[in-house]
1. With viscosity set to 1.002 mPa s at 20 °C, what whole-number translational diffusion coefficient in µm²/s follows for region 149-189 from Stokes-Einstein and a Kirkwood radius over Cα pairs?
2. Fewest first, what order do Ile103, Ile66 take by the number of other Cβ atoms within 10 Å?
3. I'd like the Kirkwood hydrodynamic radius of region 158-222, using the inverse of the mean 1/r over distinct C-alpha pairs, in Å.
4. What value does region 30-132 have for Rg/Rh, both radii from Cα atoms and Rh as Kirkwood defines it?
5. Summing -39500 (n - 2.57) over the DSSP H runs of n ≥ 4 in the chain and dividing by its residue number, what mean residue ellipticity at 222 nm do you reach, to the nearest 500 deg cm²/dmol?
6. What is the dipole size for the chain, taken about its Cα centre, with +1 at each Lys and Arg Cβ and -1 at each Asp and Glu Cβ, in debye to the nearest 20?
7. Give the average over all directions of the projected area of the C-alpha convex hull of the chain, one decimal, in nm².
8. Tell me, what HN-Hα J-couplings in whole Hz come from the Karplus equation 6.51 cos²θ - 1.76 cosθ + 1.60 at θ = phi - 60° for each residue of region 16-26, using x for Gly and Pro?
Amino acid sequence: MIRVLIVEDDFRIADIHAGFLKGVSNAEIIGKALTGKDAIEIVSNYEVELVLLDLYLPDISGLELIPKLRKANPNIDIIVISAATENDMVSKVIKNGVFDYMIKPVKKERFVGAFNHYTRKKRQLEDVKVFDQDLLDDVFFSFKIDSLPKSTPKGIDPLTLEKVKEIIKVLKSGITAEEMGERIGASRTTARRYLEYLISLEEITADLEYGAVGRPERKYYMMNRNIG
């Protein structure tokens, strides 16, 4: 279990973040601190591993609080959750070695993803006795939030997109936007929007095919189709 302290002067936001953590199996909330003084006291008296830190506290700046928390517990890790977006503030916080920085209001998916990422890295650091370059590269350079779903632009529904991908995957002869629209129960224009989006992701390709009569049709194919 990861023992977590929430440092947040707004009890409503603290409750929201606590609710996010309750949905994570390996998180234990040690406490909630409304002030920097309370945070130092809790860290000094309890085994806290991770602090979720707001930068705007009534008695001290979160930036000033970071070294005080580390003095109380040198092994503590910190994730900042703040409305502060100014370059000067963010840069100073990053230089203080925080694990992550999330801007309020933080979405649940981002919050849980960051916690899962922290847990994975912490376990990796504890389990590995000797590091090679590949492991160090993974620790320092990769930032993959495993549980965070890929976002899609406005007008692209993830479920419909998956359906389009499944359909085109089995059609070696390709498919037109009109045909795709019929299969997914949408207009030709809507189907084309999904197909062109997949082209932008380089997951499918398109060719112009000329029939016996009329204008050429744009047909869509999987990128790895076999051409006989």
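Quick note: the coordinates plus some simple rules give every number you see, no bench work behind them. In this text, all values refer to a predicted model and were calculated from it rather than measured experimentally. Reconstructed Cβ throughout: ideal geometry from the backbone, glycine too, with neighbour counts over all protein chains shown.
1. 195
2. Starting with the residue having the fewest Cβ neighbours, the order is Ile103, Ile66.
3. Values: mean 1/r = 0.0849 Å⁻¹.
Hydrodynamic radius (Kirkwood, Cα pairs) of region 158-222 is 11.8 Å.
4. Dividing the radius of gyration by the Kirkwood radius yields 0.97.
5. Result for the chain: -14000 deg cm²/dmol, rounded to the nearest 500.
6. Dipole about the Cα centre, nearest 20: 560 debye.
7. 18.4
8. Karplus values, whole Hz, x for Gly and Pro: 4, 5, 5, x, 4, 5, 5, x, 9, 5, 10.
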